[in-house]
Amino acid sequence: MNEPIIDDCRGELFAKEKINGKVCPMERPSDEHEAICCNITYLFSDYFRKNKKYCMVKNETQLFIDENNCLVPDLMIFGRETNKNAPLLVIEILSKSTRFKDLGIKMEKYAEIGVSEYWVVDTKHFSIDVYLLSDKKTYSFFKSYVYYTDEDFSKIPKIREEQKSEIEIIEEFFPLSFPEMRILLEDVFYFIKGK
């Protein structure tokens with residue numbers, strides 16, 4: 001398989017993907033989608049700059065896999081120390097029109113080129129599902145993180161005392177590609193939750 005090639009497609013009126021030879025025009029993202037994309041871009045870029053990491057965040061950038069496959073992930077994280085053009089981490093933000101592709105064929109294609117970590121952000125449920133690449137070039141579900149506010153918990157019906165010990169409430173997590181980095185769920189969903 002050839003090395004993937006990266007190309008910025010921001011100049012195009014509508015971005016297009018090519019999946020298994022079929023050209024797929026992409027819809028304009030929602031305000032929530034764009035806000036989360038900006039939030040995550042800022043979190044990673046700020047971390048890289050402050051910690052002098054030779055890494056970068058790219059969005060709205062085509063990832064050319066082969067003549068039949070050219071994808072446009074929402075976000076890609078690259079490290080200069082890595083061996084290839086394949087990103088370390090790809091993040092897709094779900095929408096009604098992309099859910100099937102993001103959790104299906106695109107996920108398969110990212111695994112084929114060796115993207116080690118794949119996040120799926122759900123704006124409806126304020127969650128991030130993390131998948132890790134296995135030795136067999138497929139993804140395995142790792143963890144799901146859900147952003148809850150105090151107001152959310154007050155709306156939940158009473159939880160039995162024995163159930164409380166089964167619930168792990170976290171406010172932050174870290175990308176496995178950058179274990180020293182901390183990401184607050186509140187920062188990912190800033191301007192989205194509580195509108």
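Apart from one condition, residue 65 fits all of (1) part of a strand (DSSP E or B); (2) under 18 Å from the mean Cα position of the chain (by Cα); (3) of a type in the set (A, V, I, L, M); the exception is (2). Of all the criteria given as (1) buried (at least 17 other Cβ atoms within 10 Å of the Cβ); (2) within 15 Å of the chain's Cα centre (by Cα); (3) of a type in the set (Phe, Trp, Tyr), the one not satisfied by residue 48 is (2). Out of everything in the stretch 1-45 that is touching a strand residue (DSSP E or B) at 6+ places or on another chain (Cβ under 7 Å), modelled with pLDDT of 90 or more and more than 19 Å from residue 107 (Cα to Cα), what residue ends up being surrounded by the most Cβ atoms within 10 Å (Cβ to Cβ)? The residue in question is 36. Pairing each residue of the stretch 175-187 that is within 16 Å of residue 53 (Cα to Cα) and modelled with pLDDT under 95 with any residue that is small (Gly, Ala, Ser) and outside any loop (DSSP other than H, G, I, E, B), provided the two are 6+ apart or on different chains, yields C-beta distances under 9 Å for 177/79; 178/79.
The values are calculated or read from the model by the stated rules, or taken from the named source; none is laboratory data. Computed from a prediction, not measured in an experiment: that's the story for all the values here. Here the Cβ is made from the backbone with ideal geometry for all residues, glycine too, and neighbour counts use every protein chain on show.
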